[in-house]
Every structure is written in C-alpha cells, then in structure tokens.
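Student: Supplied in structure tokens, the structure appears directly below.
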C-alpha cells in the first residue's frame, strides 16, 4: 500500500509564473486535503474534497489558487501569478470519510520557492 | 473557539534522557479527537497517535507514551530514553469536523 504522494517535491519559479502541484491520495481514501506550511509554523488548512466535490475553502485561498479533483482520485493545486509570499511547503493529505476522528495521512509535501 | 497550545518552542536534551512534550487544547465539543504528528527534516508529517475524547487511558507504544487528561485539557507526549532519530518537530492537533487545528509545534533536538 502506498501512502500519499506528491509531485514535484521541489519547485523554484520566478515571480509571476504559474505552478501546479499534483497529489495522489491513498487509494481507498475519498477525502483529500491541501495544507500550506511555512517555516516554524504549523500547517494551515487550504481546502478539502470529498470525492470530486470541493466542500470547503479557507480564506487563505486567494483567487490565484485553484484546486481540482476531477475524478475523485488525484488532485491538482494551481497557483497563478506566483508571489514571493507563496513560498511555502504545500502538503496534501487524505483520509476516509465519515466521523471527524478519521486519521489524516500526509504526503511528503511540495516545496515552492518563488524568486 | 478551538485552539491547541504547545508552549515549548524548542527542547534540547542529551540522548537517553526522557523528555515530555506538552499539549493543551480548548474546545467546546463533547466529542473530539486529538493527534500527535512528527515532522522530521524531510518534511513529511508522520502520524503517531489518535485519541478520542471518551478514552482517557494512557497509551504506550515502545518508547513513546501519551497522557490524556480531560480535567486539565492536556494531551502530553513522553519519549523515554530518547534517541538522535527522535529529533524532529512534533505537532499536537485537534480534529474539528473536516480539518485539524494545529499547535505551533515543538522542535525536539536530541544531542548525541
């Protein structure tokens, strides 16, 4: 059984460019989450999907950010017109649906550096 | 309001010492879940334990143990006979519906 996988692991981009991250959740998990983490901080919730439906988006998710999960399997997170403040690690996670105590399993994260 | 507080920003101990990481939480929910995650330098958040609010039994897993006390809203984590490989940032989190409320993390440094 493979865990949550993310690609790419590292991305350096110039300010103003678009970037896209991909996440493949644990296969039987129908909930998928995106978090962002900056150095010295805990993860911040961005958005989550149940199957293909995006059920919640944080206020942190500006209009430049868009996430999709078209077939309820893998997900992509796109950041348009990147800014230096977007530099962070973007974490994907997945869990089973159901009660709120289901464990959320995380991928290794995608590090973004905007120069 | 729901909140998780990890007051210890950084702890440094010598290998083989025991160390306790503190976690205090706030919630108005009667049913909730608490978690500990480990984040080594590689970045991945590794799940360690989940505890529901109705289960106050302490848990031991090898050198790791957890002390959950509802009376003080605490869920502390102890590593016995610490090892260099335990060096990481440890996060305590509270589950609120679909997302986790995170503490700021405690950076644990184990010196050889």
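Read-outs: derived from the displayed coordinates by stated rules, not from any lab. Worth saying up front: this structure is predicted, and the values here are computed from it rather than measured. In this analysis, Cβ positions are derived from the backbone assuming ideal geometry, glycine residues included, and neighbour counts consider all displayed protein chains.
Student: Mind checking which residues of the stretch A:7-29 are part of a loop (DSSP other than H, G, I, E, B) and in contact with a strand residue (DSSP E or B) (Cβ under 7 Å, 6 or more places away or on another chain)?
Tutor: Listed by number, the residues that qualify are A:8, A:9, A:15, A:18, A:25, A:26, A:29.
Student: While we're here: Looking at A:112, A:32, which is the one that is in contact with a helix residue (DSSP H, G or I) (Cβ under 7 Å, 6 or more places away or on another chain), part of a strand (DSSP E or B), within 13 Å of another protein chain (Cβ to nearest Cβ) and more than 14 Å from residue B:45 (Cα to Cα)?
Tutor: Selected residue: A:112, the only one of A:112, A:32 that is in contact with a helix residue (DSSP H, G or I) (Cβ under 7 Å, 6 or more places away or on another chain), part of a strand (DSSP E or B), within 13 Å of another protein chain (Cβ to nearest Cβ) and more than 14 Å from residue B:45 (Cα to Cα).
Yes/no matrix, rows are residues, columns are (1) within 11 Å of chain B (Cβ to nearest Cβ); (2) surrounded by fewer than 18 Cβ atoms within 10 Å (Cβ to Cβ):
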| position | (1), (2) |
| --- | --- |
| A:4 | yes, no |
| A:37 | yes, no |
| A:40 | yes, yes |
| A:43 | yes, no |
| A:55 | yes, yes |
| A:64 | no, yes |
| A:69 | no, no |
| A:80 | no, yes |
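Student: Going through the stretch B:8-27 one residue at a time, which ones are closer than 20 Å to residue B:71 by Cα and either within 14 Å of chain A (Cβ to nearest Cβ) or surrounded by 13 or more Cβ atoms within 10 Å (Cβ to Cβ) (or both)?
Tutor: B:20, B:21, B:22, B:23, B:24, B:25, B:27
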